[in-house]
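These notes are about the structure you will find just below.
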Amino acid sequence: MSQTALPLDTPEGGRRVAMLPTRPEDARVWRPVRNQAEMMVRDLDSLVPEDHPARAIWAFLEGLDLSAFYASVKVTVDTPGRPASDPRVLLALWVYATAEGVGSARQLDRLCQEHDAYRWLRGGVPVDYHLLSDFRVAHQEALDRLLTEIVAALMANDLVTLKQVAQDGVKVRASAGAGSFHRRSRLEECMVEAEEQVKRLAQEQKHPDPETTRQKQAARERVARGRAGRVRQALDQMSLVQAAKKRQERTLAKTKRKKITEARVSTTDPEARVMKMPDGGWRPAYNVQLATDVGSGVIVGAGVVNQGNDSGQAPPMEEQLRQRTGVHPGAYLMDGGYAQRDDIGTLEGRHVTVYAPVRPPRTTTSGRERNSPRDDDSPAVIAWRQRMETTEAKSLYKMRAATAEWANAQMRSHGLLSFTVRGLHRVLSVVLLVVVTHNVLRGLALAS
């Protein structure tokens, strides 16, 4: 018996039976059977609601010309070979993942297997993390053209006007550690060590170790060649870093010249630079430049530099806007880091009205007031100084922070906290993807 009955006396002199608690192994319950085959009939389309963001993103991308993404597909309808994964699907997966703050190809691959929205976008198209990772950095020109097309479409619908444009830079952590930065002497030692490793592995290929597989040997050679290439690139970058240090010695104040350190370059990401971050610390990073339309919040220009400050970045970005849209912005809002006299003259010469803060004069050691009007100021610079004294200009300039800082925050919410790729070219590809995602979401919001 599964239970034992015990007779008990009652107060009335009768008797009743008490049952002991049922043991788990004796209980009759429905237990899970996970090895039993069952048929489940369902389609992907029924798993995603009609108002789901994934559907809106797919519909938006369907209305764009993505022919540049298909140009690299080798297999055509008239040639043999296995079909390639649809670039539109790969782009949609990355746009939706970026909107959700996912920046890892491995995580995106896992979501494509487990999450209904990603499975719907995928639609059974074969993907893996290698394919996703390569796609993100292999279509920089196509992403740039896509950004231009999105901005043009929004301008055609009067959603983007370029009456006021705000530019700002945001420092994003590079995929390199502080310990990977070395002086020239150490880099030369690393170069010798890397070349010796490549030669050693080449000799081992002639007399292979029977316990080492061919795939493992090839992987070791690939890693050795990659390290040698990065060290060689670091040596090439050293001259640029040294030139920048010399410019600092000429331009910085005497108190700051003492803090200039010896030139160092990373062997992990040679194009990364140590920059001062918003929290006051110094870390390897890239300087992401964004130009945002004030009226719509749409990012109309994007770039990446490995320069720690924003000096000299306004004219190239404004020229990018002209090439992308065919027009110059009416008013250009930028902070004091961009306000160089030559740059202001260049922008004003393009009939762009500059709004940037005028630094208050301060007396230097020579007795001359720095930042004060100078005899050699151009008419454009004089007009800028006078303009920024007006109440109207000060009121308009307040829109810069509300626009540029908001755009920077949006970039971070889309996962642009640190880069997982290395090199200016790949970093720019990731930035363009994030900007395209931002503009797709803005386009959907403005059209609703």
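Farthest towards the positive end of the charge dipole of the stretch 211-364, among the residues THR213, VAL241, LEU252, is the Cα of THR213, using unit charges on the Cβ of Lys, Arg, Asp and Glu.
The fraction of accessible area contributed by carbon and sulfur in the stretch 52-161 is 50 percent, rounded to a whole number (1.4 Å probe; ligands and nucleic acids excluded). Once the chain from GLN205 to GLU141 is taken as fully extended at 0.36 nm per residue, the excess over their C-alpha distance is 19.2 nm. With the convex hull drawn around the C-alpha atoms of the stretch 287-445, the volume per residue stands at 135 Å³. Shape summary of the stretch 311-353, radius of gyration then Dmax from alpha carbon positions: 9.6, 27 Å. Between 0 and 90 degrees, the angle of helix 87-99 with respect to the longest Cα principal axis of the chain falls at about 90 degrees.
Solvent-accessible area of LEU252, all protein chains in place: 60 Å² (probe radius 1.4 Å, heavy atoms, ligands and nucleic acids excluded). Only Lys, Arg, Asp and Glu carry charge here, each on its Cβ (+1 for the first two, -1 for the last two); on that basis the stretch 213-278 has a dipole of about 220 debye about its Cα centre. Only one of the listed values, [x] 53, 26, 18; [y] 37, 24, 20; [z] 53, 34, 28, was derived from the coordinates as semi-axes √(5λ) of the Cα gyration tensor in Å; which label is it? Answer label, from the structure shown: [z]. Compute the angle between helix 424-447 and the longest alpha-carbon principal axis of the chain, please, reported from 0 to 90 degrees and rounded to the nearest 10. Computed tilt is about 80 degrees. Relative to the Cα centre, the charge distribution of the stretch 251-402, modelled as +1 at Lys and Arg Cβ and -1 at Asp and Glu Cβ, gives a dipole magnitude of about 680 debye.
Within the shell defined by Cβ-Cβ distances under 13 Å, the residues around VAL431 carry a net charge of +3, with Lys and Arg each +1 and Asp and Glu each -1. Given a 1.4 Å probe and every protein chain left where it sits, what share in percent of the accessible area of the stretch 283-353 is carbon and sulfur? Looking at the stretch 283-353 in its full context, I get 42 percent from C and S. Excluding same-chain neighbours fewer than eight residues apart, the lysines reachable from LYS163 by a Cα-Cα span under 20 Å are LYS394, LYS398. Solvent-accessible surface of protein heavy atoms, probed at 1.4 angstrom with all chains present, puts ASP343, ASP279, ASP269 in the order ASP279, ASP343, ASP269, largest first. Seen against the Cα atoms of the chain and their longest principal axis, helix 391-413 is set at about 40 degrees.
Answer rounded, prolate or oblate for the stretch 152-310, using the Cα gyration tensor with square roots of eigenvalues a ≥ b ≥ c: rounded when a/c is under 1.5, else prolate when a/b is larger than b/c, else oblate. Oblate, since a/c reaches 1.5 and b/c is not below a/b.
Sorting 120-129, 254-263 by average packing, meaning the other beta carbons within 10 Å per residue, from highest down gives 120-129, 254-263. Be a star and scan the stretch 107-149 for residues whose amide nitrogen sits under 11 Å from the point 7 Å along the Cα-to-Cβ vector of SER413. Flagged as within label range: none.
For the chain, the Cβ-based charge dipole about the Cα centre amounts to some 1980 debye (Lys, Arg positive; Asp, Glu negative; other atoms uncharged).
Taking 13 Å as the straight-line reach from the Cα of LYS246, the aspartates and glutamates in range (excluding those fewer than 8 positions away in the same chain) are GLU262. Report the FRET efficiency, 1/(1 + (r/R0)^6), for ALA84 and GLN307, where r is their Cβ-Cβ distance and R0 is 30 Å, rounded to 0.05. Once the sixth-power term is evaluated, E becomes 0.20. Here the extension length gained between VAL125 and ASN157 equals 8.1 nm, from 0.36 nm per residue of separation less the Cα-Cα distance. On a per residue basis, the chain carries 58 Å² of accessible surface, using protein heavy atoms and a 1.4 Å probe. The alpha carbon centroids of the stretch 178-223 and the stretch 310-326 are separated by 43 Å. Of the peptides 216-222, 350-356, the ranking by mean beta-carbon count within 10 Å, highest at the top, reads 350-356, 216-222. Kindly identify the stretch 48-102 as rounded, prolate or oblate by the Cα gyration tensor criterion: order the square roots of the eigenvalues as a ≥ b ≥ c, call it rounded if a/c is under 1.5, otherwise compare a/b with b/c, prolate if a/b is larger, else oblate. Prolate shape, in that a/c is at least 1.5 and a/b is the bigger ratio.
Computed with the Debye formula from one identical point scatterer per Cα of the stretch 101-156, without solvent, the log10 of I(q)/I(0) at q = 0.30 Å⁻¹ comes to -1.08. Computed over the chain, the per-residue total of -39500 (n - 2.57) for DSSP H runs of n ≥ 4 gives a 222 nm mean residue ellipticity of -15500 deg cm²/dmol, rounded to 500.
The values are calculated or read from the model by the stated rules, or taken from the named source; none is laboratory data. Remember, predicted model here, so these are calculated numbers, not experimental data. Cβ coordinates were reconstructed from backbone atoms using ideal geometry, including for glycine residues, and neighbour counts include every protein chain displayed. All accessible areas refer to the heavy atoms of the entire protein, side chains included, with ligands and DNA or RNA removed. Shrake-Rupley method; radii C 1.70, N 1.55, O 1.52, S 1.80 Å.
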